[in-house]
Amino acid sequence: MEAIEKIIQQLNEQAAAERQALETKEKQRIEQEHQAGLTEIEAEHEQRLQKSLQAVDQKYKQLSNRQQVETKQMTLNQKQTFLELLFEDAVEAMESWTPEVQQEFAEQALADLKDLKGELTFVCGEKSQEAFTSEWIAAQNKVLPFQLKASTEVVNNQAGFLINDHGVQYNFLFRTLVQDIQSEMSYELAQEFFA
């Protein structure tokens, strides 16, 4: 009986050792699977975190670029407004010239038309009627190589004058003259003022 007990004891010891080995092996397998799953979760988390950081960085760059563009546009608009006000001030300054200064300007402008001949129509701007009287036109007719005939029409809400040479019009309205200079010189003035 002792032999049987010894065999049973050996079988029990062998079963306990196998069970212990199996338990250890299973624990190692479970631990490895857990570690692998944990590593995979951490990798996925890191990948999502990197994507989120990239998206935030890209969004920041877009917002920063948009803000720079808006700032540049606002600055450009302010510069454009400044130039427009500058030219508008020039028109207002010319419109406030005394009749004598307007006459001097007109005399100089008419002298530059020395190649014209015959009778030309002088159309006065509404704001310059005090300067360009019939007496002044008569005085000009004595010194010019052409004759000016005063028109009964006036150019509403304008200062300066027009010369009509049988359908060809020479425009000396102050606003038009300043607009011509504005279209020619805006870029140069912007470079000078804002460089």
Quick tally, 1.4 Å probe accessible area for Ser52, Ser151, sorted with the most first, runs Ser52, Ser151
Spatial separation of Cα centroids for region 34-57 and region 1-31, in angstrom: 43
Helix axis angle, 174-194 relative to the chain longest principal axis, alpha carbon, degrees: 40
What whole-number distance in Å separates the alpha-carbon centres of region 133-170 and region 61-77? 51
Using amide H atoms built 1.01 Å from N in the peptide plane, name the residues 5+ places from Phe172, or on other chains, whose amide H lies under 5 Å from its own. Phe161, Leu162, Ile163
On a 0 to 90° scale, report how tilted helix 2-95 is relative to the longest principal axis of the chain, with both axes built from alpha carbons and the result rounded to the nearest 10. 0
Can you tell me, using C-alpha contacts under 8 Å and at least 6 residues apart, the relative contact order of region 38-195 as a whole percent? 21
As a quick test, which of the pairs Lys114/Lys149; Lys6/Lys27; Lys114/Lys142; Lys127/Lys149 have an alpha carbon distance above 24 angstrom in this structure? Lys6/Lys27
What accessible area per residue, rounded to a whole number of Å², is obtained for region 83-134 using a probe radius of 1.4 Å? 56
Filtering chymotrypsin sites (Phe, Trp or Tyr not before Pro) in region 90-140 by DSSP loop and by at most 14 other Cβ atoms within 10 Å leaves none
DSSP beta bridges in the chain [antiparallel fraction, %, rounded to 5]: 60
Which angle between 0 and 90 degrees, to the nearest 10, do you get for helix 134-143 versus the longest principal axis of the chain when only C-alpha atoms count? 80
Full extension between Thr121 and Gln9 adds, at 0.36 nm per residue less the Cα distance, a length in nm of 26.5 nm
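The values are calculated or read from the model by the stated rules, or taken from the named source; none is laboratory data. Computed from a prediction, not measured in an experiment: that's the story for all the values here. Virtual Cβ from ideal backbone geometry, glycine too; neighbours counted across all protein chains shown. Remember, those area values only see protein heavy atoms, side chains included, never the ligands or the DNA or RNA. Shrake-Rupley method; radii C 1.70, N 1.55, O 1.52, S 1.80 Å.
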